[in-house]
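Below is one structure; the comments refer to it alone.
The values are calculated or read from the model by the stated rules, or taken from the named source; none is laboratory data. All values reported here derive from a predicted model rather than from experimental measurement. Every residue, glycine as well, gets a Cβ built from its backbone with ideal geometry; the counts of neighbours run over all protein chains shown.
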Amino acid sequence: MAAPGDIPQAGPALQRAQRDRARRRKRMRWGLLAPALVVIGIFGLAPLSIALVYSFLEPGTYGGVTWAFSPEAYVQFLFQRDIFDDTLGFNGAYLRIFGRSFGLALITMVGTLVLGFPVAYFIAARPEQQRNLWLFAVTLPFWTNLLIRTYSMMLIVRDEGFLNGALIWAGVINRPLSIIYTDGAVLLGLVYSYLPFMILPIYASLEKFDFRLLEAAHDLYASRVQMMRHVALPLTRPGIVAGCALVLIPALGAYITPELLGGGKKLMIGNMIALQFGSGRNWPFGSAAALILMSIVLIALLVSLRSGAKPEARHG
């Protein structure tokens with residue numbers, strides 16, 4: 001039996017052991033997180049930090065930067081200096097490029113949603129042993145480089161391409177349509193490139209969907225439109241939101257598709273930024289444009305997340 005004088009010593013010893021275990025668990029957590037944090041720091045935070053620093057410097061004569069502080073890159077986004085008296089005048093050229101990019105990206109998002117939801121619904125409604133085959137068909141384009149796929153799209157939409165040839169053969173048109181090097185060609189290429197990004201998240205939501213709910217709605221005399229609007233769409237909303245984000249964000253920064261299908265005539269944000277680091281030789285403005293785009297996307301994502309969380313909070 002322990003002596004009475006030994007009992008008070010058990011409390012501090014137990015507390016020290018608990019603190020040691022807590023420290024070991026904390027070190028273990030940080031050890032497991034360390035590889036991910038290093039990757040995020042090297043490939044995420046470091047490039048963003050460099051772009052942020054470059055955006056507040058002066059452009060070099062032959063590219064690069066001059067290490068002198070200047071907010072001119074952000075001023076240049078909205079204004080243009082007069083060559084004689086150095087006064088500022090509004091310049092909406094870059095805003096138009098941003099507007100065109102957002103317009104094409106939004107239409108791409110809507111187009112992929114309209115096309116992708118029925119495809120995802122069709123796959124989810126197939127017997128389980130057939131779904132992998134259909135998913136394989138959806139992901140098959142990813143096996144080919146985007147550059148090659150875009151060149152293939154050029155062969156389809158050019159004046160002597162498959163699309164015009166098929167329309168002429170069917171008697172729909174008498175002469176080839178000028179599709180290539182237009183916003184329509186860029187939009188077609190964007191929808192084709194990012195359609196799988198919409199199908200897969202929606203399918204992931206529909207895979208867990210209980211189709212008996214649609215049967216119950218049908219028994220209650222709901223129409224097909226009502227079943228989709230009040231049953232299927234609300235329950236698959238997380239997949240739809242994820243798909244829209246996965247399409248909208250890369251479509252905003254698309255480079256290859258507008259460069260090839262637009263012929264360099266229909267600039268989007270990605271092309272404009274790349275131009276600043278190429279023939280434009282204005283690295284600070286390219287960095288500032290990239291950061292402005294990233295800020296707009298982050299704000300839009302935060303707004304969408306907040307709007308998506310409110311109905312769930314009310315439901316709870």
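Within region 116-139, being loosely packed, with under 15 Cβ neighbours inside 10 Å, touching a helix residue (DSSP H, G or I) at 6+ places or on another chain (Cβ under 7 Å) and not polar (S, T, N, Q) holds for one residue alone: ARG126.
Return only the number of the condition from (1) free of Cβ contacts under 8 Å to residues at least 60 places away in the same chain; (2) part of a loop (DSSP other than H, G, I, E, B); (3) more than 26 Å from GLY184 (Cβ to Cβ) that PHE209 does not satisfy. Every listed condition holds for PHE209 apart from (1).
With a requirement of 1 or more residues that are without any contact (Cβ under 8 Å) to a residue 24 or more places away in the chain, the strands (runs of 3 or more DSSP E) lying completely within region 49-88 that satisfy it span 65-69, 79-81. Looking only at region 254-293, which residues are of a type outside the set (A, V, I, L, M, F, W, C) and farther than 22 Å from ILE180 by Cβ? GLN276, GLY278, SER279, GLY280, ARG281, ASN282, PRO284, GLY286, SER287 - these are the residues of region 254-293 that are of a type outside the set (A, V, I, L, M, F, W, C) and farther than 22 Å from ILE180 by Cβ.
Exactly one condition in (1) hydroxyl-bearing (Ser, Thr, Tyr); (2) surrounded by 10 or more Cβ atoms within 10 Å (Cβ to Cβ); (3) farther than 30 Å from LEU188 by Cβ is not met by TYR94; state its number. Every listed condition holds for TYR94 apart from (3).
Would you please name the residue that is nearest to GLY262 (Cα to Cα), looking only at residues in region 97-135 that are without any contact (Cβ under 8 Å) to a residue 24 or more places away in the chain and under 15 Å from the mean Cα position of the chain (by Cα)? Ranking the qualifying residues of region 97-135, first place goes to GLY103.
Just one of the numbered conditions (1) of a type in the set (A, V, I, L, M, F, W, C); (2) within 28 Å of GLY60 (Cβ to Cβ); (3) not in a loop (DSSP other than H, G, I, E, B) is not true of VAL297: (2).
The residues on offer are GLY41, GLY116, and the sole one that is touching a Gly at 6+ places or on another chain (Cβ under 7 Å), in a helix (DSSP H, G or I), at pLDDT 90 or above and closer than 29 Å to TYR194 by Cα is GLY116.
Might you check whether a residue that is over 18 Å from GLY262 (Cβ atoms), charged (D, E, K, R) and more than 19 Å from the chain's Cα centre (by Cα) occurs anywhere in region 182-190? Checked against the condition, which is being over 18 Å from GLY262 (Cβ atoms), charged (D, E, K, R) and more than 19 Å from the chain's Cα centre (by Cα), region 182-190 yields no hits at all.
In region 59-70, the count of residues that are surrounded by 17 or more Cβ atoms within 10 Å (Cβ to Cβ), under 27 Å from ARG281 (Cα atoms) and at pLDDT 90 or above is one or more. Can you tell me which residue within region 145-172, out of those that are of a type in the set (Val, Ile, Thr) and exposed (fewer than 12 other Cβ atoms within 10 Å of the Cβ), is nearest to PRO258 (Cα to Cα)? Only one residue tops the list, namely ILE148. For region 284-299, which residues satisfy the criterion of being buried (at least 21 other Cβ atoms within 10 Å of the Cβ) and closer than 21 Å to THR257 by Cα? Of everything in region 284-299, those that are buried (at least 21 other Cβ atoms within 10 Å of the Cβ) and closer than 21 Å to THR257 by Cα turn out to be GLY286, ALA289, ALA290.
Of all the criteria given as (1) farther than 30 Å from ALA185 by Cα; (2) in contact with a Leu (Cβ under 9 Å, 6 or more places away or on another chain), the one not satisfied by ARG24 is (2). Could you tell me whether any residue of region 270-283 is outside the structural domain of LEU190 (by TED's automatic domain parsing), small (Gly, Ala, Ser) and crowded, with 20+ Cβ neighbours inside 10 Å? Checking region 270-283: at least one residue is outside the structural domain of LEU190 (by TED's automatic domain parsing), small (Gly, Ala, Ser) and crowded, with 20+ Cβ neighbours inside 10 Å. Taking the criterion of being of a type in the set (Lys, Arg) and either surrounded by 12 or more Cβ atoms within 10 Å (Cβ to Cβ) or in the same structural domain as VAL119 (by TED's automatic domain parsing) (or both), would at least one residue in region 300-308 satisfy it? There is no residue in region 300-308 that is of a type in the set (Lys, Arg) and either surrounded by 12 or more Cβ atoms within 10 Å (Cβ to Cβ) or in the same structural domain as VAL119 (by TED's automatic domain parsing) (or both).
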